[in-house]
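Each remark here refers to the structure printed beneath this line.
Bear in mind these aren't lab numbers, they're just calculated from the coordinates by the rules spelled out. Only a predicted model underlies this, so the values are computations on that prediction, with no experimental measurement involved. Every residue, glycine as well, gets a Cβ built from its backbone with ideal geometry; the counts of neighbours run over all protein chains shown.
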Amino acid sequence: MQTILGANGQIAEELTRELYRNFTKDIRLVSRNPKKIHDSDQLFPANLMDPLATENAVEGSDIAYLTVGLPMDSKLWEDQFPTMMQNVIEACKKHSAKLVFFDNTYMYAKTSAVQTEESPFEAIGRKSTVRSKIAKMLLTEMEKGSIEAVICRAPEFYGPRKTQSITNTMVFENIQQNKKLKVPLTDNTRRTLIWTPDASRAMALIGNTPVAFNQTWHLPCDDARLTYKEMIELASKIYQQELSYSIVKMWQFKLGILFNKKLKELQELLPRYKYDNIFSSEKFKNRFPDFELTTYEKGITQIKNDQNG
């Protein structure tokens, strides 16, 4: 059995579909209120803050995928993510389940330096510090050999349906709503974005490749690394309309923080938009050369088709 812990988000849904298509029909979905994607999916309501509930959720699993997400709230992250990680680690150790952890890049330096699996953690800000902490918790257990695990790391998302990201919110959702597009800080820094279905497909592949364990993998992205200006020019071509945009400066974000708590939570992430974001997934591409990567053109075309469909 393969179990998805935190089963209601976009990454988890795509992961469930990919596991079902190519690896197993024996899938357990775990969250506070899990919902079936396939008739054969086993639903297991559980709160991962509860160690016993987490143990029971993992029991009988060959592989557990930790894809849980929390709202952008620093205190919530500090209160819950480390406890969840500890509970999942202990549950996997007890039941000899492999663990696949879906991670992000918040802990990397917010500079133009190329990000690889060997890049040091330079966390700045509360959410970045939490993400660094829970990654290190798992890395420590992996180094001790107490658990068979793998870390799958992804940069910012873009994608279809329920994909949540700054780019989806400020660009693609505004296209759908016929609103003026917005770009954070600057339109000329290079961005590495990952197509959410690609992230899920790659994670399923890694989880079902035994030799991939006990290391970190950067999930595969289009190396075009478009600037927002180039991305919106491409979207204009695909949508067959001139898409205009405005650049939201840092002072405008700071002004908005006075009236919007969500913007306050976003503030620590904004500095990364001042610099090129060069996320390297060469390790994955060299190991899995037959993986079919979604280009920006193909991805944006699918977003357009989904919005029209």
Given R₀ = 41 Å, FRET efficiency for LYS298-GLN267 by Cβ-Cβ distance, to 0.05? 0.80
Per-residue HN-Hα couplings for the stretch 186-195 [Karplus 6.51, -1.76, 1.60; θ = phi - 60°; Hz; x = Gly/Pro]: 7, 9, 10, 9, 7, 10, 9, 10, 10, 6
Expressed as an acute angle from 0 to 90° and rounded to the nearest 10, what is the orientation of the C-alpha long axis of helix 296-308 relative to the principal long axis of the chain? 90
If I stretch the segment between MET250 and THR227 completely, what's the gain in nm (0.36 nm per residue apart, minus their alpha carbon distance), one decimal? 6.5 nm
Per 0.36 nm of contour for each residue apart, how much would the distance between PHE288 and ASP26 grow if the chain were fully extended, relative to their Cα-Cα spacing? 91.9 nm
Work out how far the C-alpha atoms of the chain reach from end to end along every principal axis, then list the three figures in whole Å, largest first. 55, 37, 37
Give me the one-decimal Kirkwood hydrodynamic radius in Å for the stretch 92-233, with the sum taken over alpha-carbon pairs. 16.7
So how far, in whole Å, is the C-alpha centre of the stretch 214-243 from the one of the stretch 292-309? 11
Relative contact order for the chain: what is it in percent, counting Cα pairs under 8 Å that are at least 6 residues apart? 18
Can you work out D for the stretch 108-153 in µm² s⁻¹ from Stokes-Einstein, where Rh is the Kirkwood radius over C-alpha pairs, the temperature is 10 °C and the viscosity is 1.306 mPa s? 135
The stretch 227-308: chymotrypsin sites (Phe, Trp or Tyr not before Pro) in DSSP loop, at most 15 other beta carbons within 10 Å: PHE259, PHE291
Nearest 20 debye, what's the magnitude of the dipole of the chain about its Cα centre given +1 on Lys and Arg Cβ and -1 on Asp and Glu Cβ? 960
Grab every C-alpha pair in the stretch 1-158, bin the distances at 5 angstrom width from 0 up to the longest one, and report whole percents. 2, 9, 18, 22, 20, 16, 9, 4, 1, 0
Check the straight Cα-Cα distances from LYS36 and name the aspartates and glutamates below 12 Å, setting aside those fewer than 8 residues away within the same chain. GLU13
Out-of-range pairs (alpha-carbon distance over 21 Å; input LYS237/LYS298; LYS110/LYS304; LYS98/LYS136): LYS110/LYS304
Restricting to DSSP loop positions (anything but H, G, I, E, B) with no more than 14 other Cβ atoms inside 10 Å of their own Cβ, which GluC sites (Glu not before Pro) remain in the stretch 196-296? GLU242, GLU292
Out of every Cα pair in the stretch 159-275, what percent are spaced more than 20 Å from each other? 52
Note down the relative contact order for the stretch 187-309 as a percent, whole number, built from C-alpha pairs under 8 angstrom at least six residues apart. 40
